[in-house]
Amino acid sequence: DDLSKIDKLKSDSRCLDYSTNRDEIDKIWQIRKNALAYSMKIRKGKKKPIAFMEDPVVNVNKLHALVDSIDNNCKKYSLDYIAYGHAGDGNLHVRPLLELPKDANIMKKVANDILNDIIKMEGSVSAEHGDGLARSEFIKYVYGEEIYAIFKRIKEFLDPNNIMNSGKKIIDKSIFIANLRYKDVKRSKNELNWSIKQSKIAEKITGYEKELDYYDEVELCHGCGACRELNYKTRMCPVYKGLNIEEASCRGRNNVLRWLERLSELAYNYDDNYRDIIYKYCIQCKTCLYECPSNVNVGKIMAEARARYVKRYGLPKGYRYFVDIDRFAELGCRLTPISNMLINNKLFRKAMEKFTNIDARKRFPKFAKKTFRELYEPHKNYDNNVIFFYDTYINYNDPYLGLRIADILAKNGYGLIIPKQLSSGLPALLEGAIDKGREIANYNINNLYEYAKNGMPIITFSPSASLALRMEYLNVIDNYKSRFIADNTFDIHEFLYMLYQKGKLKKFDEIDSDIGLHFHCHTLVLGIDKYVKGLLSLIPSLRFEIIEKGCCGVGGSYSFIRGNYDLSMSIGRELFDAVEKSDKKIYTTGESCKLQIEEGSKKDLDLTVNLIARAYGLA
């Protein structure tokens with residue numbers, strides 16, 4: 001009976017179809033949830049969506065008339081527009097595409113014409129977004145002069161000094177376009193590649209084929225404040241969760257950079273506060289890229305800001321040891337066991353803090369006696385081979401983890417090809433040392449491509465190394481080789497699950513155990529978490545519980561720098577407490593998370609790759 005009523009409504013309206021399928025319903029709701037994000041990134045030449053008469057509401061029976069009004073008035077001025085909203089409430093969100101400041105007068109004409117129609121329909125210019133700067137001058141027309149005069153008297157009685165929302169809601173002069181966020185700016189020279197075609201993985205995350213340029217990416221933030229979320233429904237923004245101050249939010253940092261760009265940033269000498277905003281208040285978790293409603297790539301914006309800072313002032317003290325990690329890690333391995341004795345000596349670490357600016361309290365992983373590259377010996381000749389990009393931790397700190405990965409792949413019929421390679425260079429790319437980052441990226445791209453061009457996939461373990469190869473290298477080198485590498489790199493969990501989907505994965509042994517599972521932020525950003533969960537679900541009798549208490553706060557090199565340590569531990573505090581209280585063995589997908597959570601919780605963790613090795617009887 002209900003469906004017959006819906007069918008009648010469908011035939012009487014402009015509804016194309018409806019769904020009773022749960023998966024389809026979820027997809028439709030997801031589209032609605034992401035409508036704002038999708039609309040904010042639309043560009044047509046120099047035109048982009050502008051919110052001004054974006055919240056009209058009428059009786060739901062008159063919704064069709066409201067749609068007609070918006071459509072006719074936008075056509076009248078040859079404007080494309082986006083409309084979505086709450087059909088059941090008669091409320092629409094409308095964003096015409098305008099080029100500002102050129103179309104400012106058209107904007108006001110469209111608003112007035114739609115306003116007149118709304119008044120005839122006995123509707124309102126705002127349903128859920130309020131009035132404020134954009135619609136204050138329309139209030140008297142919606143309510144009439146008599147009621148508006150009462151509003152003014154109440155305002156004068158309760159706020160005689162006009163200190164609450166001054167000049168915003170009860171105001172007689174026109175301010176409709178006075179506060180628009182536009183200005184012709186002389187754009188600064190970029191240090192990274194912008195306005196480039198996205199890699200496949202980035203396009204999958206954001207839904208957009210091409211990036212914006214730097215300034216438009218900064219402007220893309222529309223100020224919703226989702227980055228100020230304090231619960232753990234989102235990872236974004238870990239630093240804001242730790243500090244709870246506006247400038248630590250993605251929005252706050254964007255506002256500072258927008259302001260600098262408009263006022264010609266070269267006219268300013270950056271002080272320590274600015275350095276904190278671009279270095280201390282961003283740990284490059286990248287979760288903004290997929291959790292921000294507009295998919296603002298704040299991590300890349302910060303990398304650009306850091307590169308500009310470094311060009312003028314040089315790299316802040318302490319970061320160079322991570323930018324040039326291969327040199328220092330190689331030395332650490334050569335000097336074992338002395339190097340391990342020194343990094344565990346509190347007096348030595350305290351003395352070195354003064355020279356290196358690396359916090360004496362931060363725990364370092366031990367150096368291996370031999371690197372992975374020195375230890376690895378090919379098992380035998382295989383018909384199928386993969387290229388292994390081992391990165392810093394496996395090569396210098398835990399080469400036996402790399403050997404277990406080799407055994408896992410061998411179990412499934414794959415040999416390893418190990419080209420010459422440097423560590424991923426992610427610290428250089430993200431901390432502002434762009435020349436060094438480009439040098440590392442170029443070396444790795446050329447060496448990996450020589451094998452990858454023959455059809456071999458590139459396998460990574462470290463989520464951050466995967467991020468570097470799949471996304472960050474394109475920010476400094478955008479050519480056919482770098483794109484080929486980006487599109488043919490796979491996380492080990494992802495690759496194994498792809499084998500399962502093809503019916504080629506060897507079965508796992510039983511592990512009758514309850515475990516806790518934590519995801520590295522870059523695992524989530526790259527969408528690898530679903531492959532990890534899928535893979536672990538294939539292990540007989542294994543039961544896992546996701547521990548989602550946010551980011552651990554390590555941020556790669558971030559937590560090692562003096563001045564960041566306390567904040568990094570504060571960011572991860574609730575996660576550390578949850579791990580400490582859990583009676584389960586905890587596994588994580590990234591080496592940096594493992595080390596940070598162990599330090600914060602005083603509890604040993606393990607890596608999901610080791611669990612997979614155990615399920616194959618290899619550990």
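Quick note: the coordinates plus some simple rules give every number you see, no bench work behind them. This is a predicted model, so every value here is computed, not measured. Here Cβ is always computed from backbone atoms with ideal geometry, including for glycine, and neighbour counts include all displayed protein chains.
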Expressed in nanometres to one decimal, the distance between label points 7 Å along Cα→Cβ at R327 and E99 is 5.0
With 24 Å as the cut-off, how large is the P(r) tail for region 507-615, expressed as percent of Cα-Cα pairs?
23
Could you give the nm distance between label points at Y382 and N59, where each point is 7 Å from its Cα heading toward the beta carbon?
7.1
Quote to one decimal, in nm, the extra length available between L342 and N447 on full extension: 0.36 nm per residue of separation minus the C-alpha distance between them.
34.3 nm
Test of understanding: ordering K366, K173 by Cβ neighbours within 10 Å, fewest first, what list do you get?
K173, K366
Per-peptide average of other Cβ atoms within 10 Å, ordering 318-324, 604-610 highest first:
318-324, 604-610
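Could you sort 385-398, 106-119 so that the peptide with the highest average Cβ count within 10 Å comes first and the rest follow in order?
Top of the packing list down: 385-398, 106-119.
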Relative pair counts by distance (%), Cα atoms of region 200-340, 10 Å bins
11, 36, 30, 17, 6, 0
Where labels lie 7 Å past Cα in the beta-carbon direction, separation of E374 and I147 in nm
8.1
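For region 372-499, give the magnitude of the charge dipole about the Cα centre (Cβ charges: +1 Lys/Arg, -1 Asp/Glu; no others), in debye to the nearest 20. Show your work: numbers first, answer last.
Values: 11 positive and 15 negative charges, 46 e Å.
Taking the Cα centre of region 372-499 as origin, the dipole is about 220 debye.
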1/(1 + (r/R0)^6) with r = Cβ-Cβ of L618 and A51, R0 = 56 Å, i.e. FRET efficiency to nearest 0.05, evaluates to 0.50
Among the Cα-Cα pairs of region 84-142, the proportion with separation greater than 14 Å, in percent, is 62
Gain on full stretching of the segment that runs from K584 to I511 - 0.36 nm per residue minus C-alpha separation:
24.9 nm
Could you give the size of the charge dipole of region 560-619 about its Cα centre, using +1 on the Cβ of each K and R and -1 on the Cβ of each D and E, expressed in debye and rounded to the nearest 20?
120
Directionally averaged projected area (convex hull, Cα atoms, region 36-182), nm²:
9.3
Projecting each Cα onto the charge dipole of the chain (Lys/Arg +1, Asp/Glu -1 at the beta carbon, about the Cα centre), which of I106, L158, I417 comes out farthest on the positive side?
I417
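If R0 is 45 Å, what FRET efficiency do you get for I418 and R361 from their C-beta distance, rounded to 0.05?
0.80
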In nm, what is the difference between 0.36 nm times the number of residues separating E353 and N162 and their Cα-Cα distance?
63.4 nm
Computed from every Cα-Cα pair in the chain, P(r) in 10 Å bins starting at 0 and rounded to whole percents is 3, 14, 23, 23, 17, 12, 6, 2, 0
Relative packing of 270-282, 567-579, which averages over residues the other C-beta atoms within 10 Å, highest first
567-579, 270-282
Anything over 29 Å Cα to Cα? Flag those among K33/K436; K47/K300; K33/K197; K46/K300, in the order listed.
K33/K436
Rounded to the nearest 5, the percent of DSSP beta bridges in the chain running antiparallel is 35
Listing E99, E599, E377 from the residue with the fewest other Cβ atoms within 10 Å to the one with the most, what is the order?
E377, E99, E599
Which order do H522, H93 fall in if you start with the one that has the fewest other Cβ atoms within 10 Å?
H93, H522
